[in-house]
Each structure stands twice: as structure tokens, then as C-alpha cells.
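The values are calculated or read from the model by the stated rules, or taken from the named source; none is laboratory data. Keep in mind the model is a prediction, meaning the values are calculated, not measured. Quick reminder, even Gly has a Cβ in these numbers, built from the backbone with ideal geometry, and neighbours come from all protein chains shown.
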Amino acid sequence: MKYQQKFSVTLLQRKRTRRIINIESLANAITDFFGVKTRIVYFENTSFWYQVMVMKTTRVLVAAHGAGLTNVMFMRPGSAVIEISNFGCYGEPYFGALSQLSGLLYWNWRPLVADKLITKLDQKYSSGSYISTHNCTRWRRNADVLVSEHDILELVRKALMKTEHLD
């Protein structure tokens, strides 16, 4: 990968927890719908400078909630961040605040309905107790997430429109 090459959309994937299950089809949909350069990157076991250069060459970042989002401070002002949280989790305020302080646009997305994985985890760990849909349990927070391509495409569309000046 050329460090200087700019990408309109970067999807930050994780290797162990909170993976975006359908990231490949999401990346293909973004490329097909908007005709923009899209890439999937991993930050685990990469250098600090690699992470900085990825962020500096990103116009719109799509990433699951996690430590990798601390790198948004290296994005160009006016860029956009779409943070993906899991069912029941509203996202911590940290990355929204960090994005705002860095002069970035920010959206948080989370599924409104529990998928089969979350339902199974709730049954396994709750001991039959009711768990509120607004309760961000440890297993919900760390579960892999299946994103709504329709919802994310709409957020990416908004982000691309609001960041046109960065091309």
C-alpha cells in the first residue's frame, strides 16, 4: 500500500473481538454505490507510524468501538468518523468527544434489534434474568457485530457529501 495514496473510505477491522461480520460485503457495497476507493485495514501488530499514515489518508472512517478509534486525532480536520457499537451499547462518549476536538464529523451506529449471536450470549450469561435492551453487558460490548449495509451506506453517503472539500 502506498502511504500517500488517499482513500475515501477506510474500514477498520479487528482481529479478535467486535469484528464487523459483513465487512467484505460492506466494503464492496461502498465501492459499488459511490465509486470511491475503499480499504479494509487492521491495526493489531502494526507500527504507530503505519496507523498515523492510514488515518491521515482517510476521508471517512468506519470502525467498531475500540482502542483503534483513538487514532482519529490523526485524521485531517473535516474528515468523518462512523463508530459502530453493539446492541444495547450506546458507545462511550470518548470517541465522539475526541472526534469533535479533532474537528471531525462523527456518527455512532448500533443495531436496534438483537441478532442471533447476542440472543445466544444473553441466554448463556444472564442465568434467566431479564436484560434490558439498553444494558451494555460485557458480552454484548465484545460480540462481533452484523451491520445493516443500508444504514451504513446512508451514513457513508452523508459523510462523503460533507467531506467533498477534502479531495
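Of all residues in the stretch 67-84 being in contact with a Phe, Trp or Tyr (Cβ under 7 Å, 6 or more places away or on another chain) and closer than 20 Å to residue 144 by Cβ, which is surrounded by the most Cβ atoms within 10 Å (Cβ to Cβ)? Only one residue fits best here, namely 84. For the stretch 149-167, the set of residues classified as touching a residue at least 24 places away in the same chain (Cβ under 8 Å), closer than 14 Å to residue 29 by Cα and not β-branched (Val, Ile, Thr) consists of 149, 151, 153, 155, 157, listed by residue number. The selection criterion, being buried (at least 16 other Cβ atoms within 10 Å of the Cβ), out of contact with any strand residue (DSSP E or B) (no Cβ under 9 Å at 6 or more places or on another chain) and at pLDDT below 85, does not hold for residue 144. Criterion applied to 16, 59, 39 was being at pLDDT below 90 and either closer than 22 Å to residue 149 by Cα or outside any strand (DSSP E or B) (or both), and the one residue passing it is 16. When every residue of the stretch 105-115 is checked against the conditions, at least one turns out to be at pLDDT 90 or above, closer than 29 Å to residue 36 by Cβ and either among the aliphatic types (A, V, I, L, M) or out of contact with any strand residue (DSSP E or B) (no Cβ under 9 Å at 6 or more places or on another chain) (or both).
A search for C-beta distances below 6 Å between a residue of the stretch 106-132 that is surrounded by 12 or more Cβ atoms within 10 Å (Cβ to Cβ) and any residue that is in a loop (DSSP other than H, G, I, E, B) and at pLDDT below 70, counting only pairs 6+ apart in sequence or on different chains, returns 108/91; 122/131. Against the conditions (1) touching a Ser or Thr at 6+ places or on another chain (Cβ under 8 Å); (2) under 21 Å from residue 156 (Cβ atoms); (3) free of Cβ contacts under 8 Å to residues at least 60 places away in the same chain, residue 65 satisfies every one except (3).
If the condition is being loosely packed, with under 14 Cβ neighbours inside 10 Å and among the polar types (S, T, N, Q), then the stretch 37-47 contributes 45, 46, 47. If only one of 136, 89 is modelled with pLDDT of 75 or more and touching a Cys at 6+ places or on another chain (Cβ under 6 Å), which one is it? Unique residue meeting the criteria: 89. Looking only at the stretch 20-36, residues that are under 20 Å from residue 146 (Cα atoms), small (Gly, Ala, Ser) and exposed (fewer than 15 other Cβ atoms within 10 Å of the Cβ) come to 1 in all.
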